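The values are calculated or read from the model by the stated rules, or taken from the named source; none is laboratory data. All values derive from a computational prediction rather than experimental measurement. Using ideal geometry, Cβ is built from the backbone for each residue, glycine included, and neighbour counts are taken over all protein chains shown.
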Ligand code: GBH
């Protein structure tokens, strides 16, 4: 079968952003519950306590996915639902929700794609030191085993972590995300322990799939947020600034995962800065477990210009503003860089199948009286990025699927409910769902692509 025929079309969400029901059926607090309860952290004091109430409206949401003709749905498990406190056995009442979700998806012919960790660490594990503490990596592998044992008979696509850069840097360095710490040394320890946890979890999942005779179907991987960093000019200072930013955002994750070593320029500089990666013997081979899939969350590229070294000794750079359209997040709309990124991945890191596990945009949606949103900008955004993805595929990148972020408007982290990424509108007063124009476009595009692939297959 051709890559075209097998291409998967889907949409994505994450547990804390949509589920609500934060204290039901034995779920314990995650770091995001705690962070939201801390004044001044999240816009308007918003929290995920109700969110889209997906926990209670799940069948309705799966029906929407079926109407859109999705092949696959990427969602995350709330660790504090599955294994409250992050240690010990699984919580049957919490796991039962994901059992129902998986069964509902399968009944509708939609493939479930599970992400184990989309940022909702059990608070108890943060109290024990969080990701800067090496033990959290081992706790994560235990949790992965519990999840696989519960769902592995029906789920063959598994992502360990969503965007470890965000967990480490936004969580422990800038403090914009939970747990809100600002400690560069802790953040770099978090980077390493997240990657170690990933490797341990991959091993746990693959071992179990093999023991159960299910390894042939297994597709296991990780999702990274990759941001192309383009030099502002040709000067050696600008080239060095772009290389440093690319190193910190992209190579620091890609190299250990796919080449078995950290990038020497970045690791060396981190040592100098007093923020070493706390690597122990044997860690790198664990991190570099064979991967079936590398998920790419793509939102934007950035142009980087050199700037004086900061007071803390970190290399300086500034992001230039280009004269291009921007989303409501103020992120530049740069679809062409997605094609280049996928081709670079294929060239420099060949091996895994690439999936666009997230791509989408926030805009200031204006609903009509029926709740319908004529979101022409989001529609154009999706069209341009799907085109860019398929162009890379047709030029030889092994890209096998595309997921729109997000199925629903949802809790946009430190922006609360103020920024909407959904292709389906959620009215936060009534919790009513209304597909936007972008959802209709996506459904039509998916149908057209599948029809074209089927016709090609008949030739
Ligand atoms: C994703 O992360 C998350 O996985 C998801 O939960 C979230 O809802 C979604 O994005 C939307 O935010 O300011 O031009 O330098 C996104 C990670 C990292 C993407 C920083 C944008 C900065 C772009 N983001 N990046 S820019």
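Based on this model, can you work out whether residue 319 counts as within 16 Å of the ligand (Cβ to nearest atom), touching a residue at least 12 places away in the same chain (Cβ under 8 Å) and over 28 Å from residue 260 (Cα atoms)?
Considered against the rule, which asks whether it is within 16 Å of the ligand (Cβ to nearest atom), touching a residue at least 12 places away in the same chain (Cβ under 8 Å) and over 28 Å from residue 260 (Cα atoms), residue 319 comes out as yes.
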Set 420, 440: member being assigned to a helix (DSSP H, G or I) and farther than 18 Å from residue 226 by Cβ:
440
Counting just the residues of segment 291-316 that are touching a residue at least 24 places away in the same chain (Cβ under 8 Å) and surrounded by fewer than 18 Cβ atoms within 10 Å (Cβ to Cβ), which one comes out farthest from the ligand (Cβ to nearest atom)?
313
Matching residues, segment 215-226, being surrounded by fewer than 22 Cβ atoms within 10 Å (Cβ to Cβ) and within 16 Å of the ligand (Cβ to nearest atom):
225
Taking residue 320 and the conditions (1) buried (at least 19 other Cβ atoms within 10 Å of the Cβ); (2) over 19 Å from residue 195 (Cα atoms), which numbered condition does it fall short on, given that it satisfies the others?
(1)
Please tell me if residue 410 is closer than 14 Å to residue 424 by Cβ, under 21 Å from the mean Cα position of the chain (by Cα) and either surrounded by fewer than 24 Cβ atoms within 10 Å (Cβ to Cβ) or within 13 Å of the ligand (Cβ to nearest atom) (or both).
yes
Go through the residues of segment 357-374 one by one and say whether even a single one is assigned to a helix (DSSP H, G or I) and either without any contact (Cβ under 8 Å) to a residue 40 or more places away in the chain or surrounded by fewer than 21 Cβ atoms within 10 Å (Cβ to Cβ) (or both).
no
Only residues that are more than 14 Å from residue 253 (Cβ to Cβ) and touching a strand residue (DSSP E or B) at 6+ places or on another chain (Cβ under 8 Å): list them for segment 153-207, please.
154, 155, 156, 157, 158, 178, 201, 202, 205, 206
Inspect all residues belonging to segment 387-404 and state whether any of them is buried (at least 18 other Cβ atoms within 10 Å of the Cβ), closer than 21 Å to residue 224 by Cα and within 12 Å of the ligand (Cβ to nearest atom).
yes
Please find, among 276, 290, the residue that is part of a loop (DSSP other than H, G, I, E, B) and farther than 23 Å from residue 205 by Cβ.
276
Does residue 50 satisfy the criteria of being buried (at least 20 other Cβ atoms within 10 Å of the Cβ), more than 16 Å from the ligand (Cβ to nearest atom) and more than 27 Å from residue 221 (Cβ to Cβ)?
no
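A quick yes/no check of all residues on (1) in contact (Cβ under 8 Å) with a residue 24 or more places away in the chain; (2) in a helix (DSSP H, G or I); (3) in contact with a helix residue (DSSP H, G or I) (Cβ under 9 Å, 6 or more places away or on another chain); (4) within 16 Å of the ligand (Cβ to nearest atom):
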{"residue": "180", "(1), (2), (3), (4)": "yes, no, yes, no"}
{"residue": "187", "(1), (2), (3), (4)": "yes, yes, yes, yes"}
{"residue": "200", "(1), (2), (3), (4)": "yes, yes, yes, no"}
{"residue": "209", "(1), (2), (3), (4)": "yes, yes, yes, no"}
{"residue": "213", "(1), (2), (3), (4)": "no, no, no, no"}
{"residue": "238", "(1), (2), (3), (4)": "yes, yes, no, no"}
Could you say which residue among 194, 254, 170 is free of Cβ contacts under 8 Å to residues at least 24 places away in the same chain, within 19 Å of the chain's Cα centre (by Cα), part of a helix (DSSP H, G or I) and within 16 Å of the ligand (Cβ to nearest atom)?
170
Which of the following residues is surrounded by 20 or more Cβ atoms within 10 Å (Cβ to Cβ) and touching a residue at least 12 places away in the same chain (Cβ under 8 Å): 10, 89, 69, 26?
10
Conditions first: (1) more than 16 Å from the ligand (Cβ to nearest atom); (2) crowded, with 17+ Cβ neighbours inside 10 Å; (3) free of Cβ contacts under 8 Å to residues at least 40 places away in the same chain. Residue 436 passes all but one, so which condition is the exception?
(3)
Check 446, 426, 399 and return the single one that is touching a helix residue (DSSP H, G or I) at 6+ places or on another chain (Cβ under 6 Å), modelled with pLDDT of 95 or more and at negative phi.
399
